[in-house]
Amino acid sequence: MNQDNAYGAAAVDQAVAFVRSRLAGFVPRIGVVLGSGLGGFASALTERAAISYADIPGFPRSTVEGHSGRLLLAEHQGVPLVVMQGRVHLYEGYPAQAVVFPVRVLVRLGAQILIVTNAAGSVNPAYDEREVMLLTDHLNLTGTNALYGPNEATFGPRFPDMSEAYDRGLREKAKGVAGRLGLKVQEGVYAGLLGPSYETPAEIRMLGRLGADAVGMSTVNEVIAARHLGAKVLGISAISNKGAGLSKGPLSHDEVKAAGDAMQSSLTGLLLGTIEAVGA
């Protein structure tokens, strides 16, 4: 079986059927992808079922600390949700089709709105650690594309439009929630790189000249796959650190996790409030 078929429509449908068998009749309206250090959001939800990624046919498993690897079927204020606690990345050795497989499952389950979160480093010197950035656009600098290879028409067209990868209406709702919470949010462009090494100071300067405001190692291919399927996307970055050359010292994954922990409360409030606003 080639790589495309291993993670193609038939495999996605098999995973969807398995998840549905665990909670018959449950159709999520919103899917949420939780990034590094953000898994605690799930504790604020009314859980209906929790499924280990290891139990779902074809589902890739995260090898990164801070990504618990569970799919939650849950509710908040009557809005049905499907939530990924952790994701997989290209740098773990997975092909792009595997990285986006879970997102395709979320959308095929019924989620036509996807909220994608990540931890990111700032490229824009005006952005401080532990601020929130709403994504307006992205730069796919991973060196690959989840739609590479034969197109499966059941997922979407051969050449999907990406002129509004991140939905303006969803972003406005999130900004309104942030304002009510007194939470300062930035808006900007996310650059997705392959990783796993952090960027050099020269690379941070280059990304700034290309138009990036923040940088990370996820999200872009997930968003491409979601838009290919017709889902609307809201992207939220937790700025965990300043990029190399802007920071005071060396970068580490522990720093990213610590920032995520410190931002749990504000991010949870933003996510819950946005889900209420969108699902109303």
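Here are the numbers for this structure:
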{"quantity": "Positions within region 86-109 being within 16 Å of the chain's Cα centre (by Cα) and closer than 23 Å to A277 by Cβ, in sequence order", "calculated": "V103, L106, V107"}
{"quantity": "Region 164-182: number of residues that are surrounded by fewer than 18 Cβ atoms within 10 Å (Cβ to Cβ) and either of a type in the set (A, V, I, L, M, F, W, C) or closer than 14 Å to L234 by Cα (or both)", "calculated": "7"}
{"quantity": "Residue within region 230-246 that is at negative phi, among the aliphatic types (A, V, I, L, M), touching a Leu at 6+ places or on another chain (Cβ under 7 Å) and surrounded by fewer than 16 Cβ atoms within 10 Å (Cβ to Cβ) present", "calculated": "no"}
{"quantity": "Cβ pairs under 6 Å, 6+ apart, first in region 84-102 and touching a residue at least 60 places away in the same chain (Cβ under 8 Å) and within 13 Å of A6 (Cα to Cα), second of a type outside the set (V, I, T) and in a loop (DSSP other than H, G, I, E, B)", "calculated": "A96/A146; Q97/Y7; A98/Y7; A98/P60; V100/A146; F101/Y7"}
{"quantity": "Condition check for A226: touching a residue at least 12 places away in the same chain (Cβ under 8 Å), surrounded by 24 or more Cβ atoms within 10 Å (Cβ to Cβ) and among the hydrophobic types (A, V, I, L, M, F, W, C)", "calculated": "yes"}
{"quantity": "Residue that is nearest to I204 (Cα to Cα), among those in region 220-243 that are of a type in the set (A, V, I, L, M, F, W, C), modelled with pLDDT of 95 or more and in contact with a Gly (Cβ under 7 Å, 6 or more places away or on another chain)", "calculated": "V220"}
{"quantity": "So K248, is it farther than 19 Å from A165 by Cα and without any contact (Cβ under 8 Å) to a residue 12 or more places away in the chain", "calculated": "yes"}
{"quantity": "Residues of region 103-161 satisfying the condition of being among the basic types (K, R) and crowded, with 22+ Cβ neighbours inside 10 Å", "calculated": "R104"}
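The values are calculated or read from the model by the stated rules, or taken from the named source; none is laboratory data. The structure displayed is predicted, hence computed values, not measured ones. All Cβ positions, glycine included, derive from the backbone under ideal geometry; neighbour counts span all protein chains shown.
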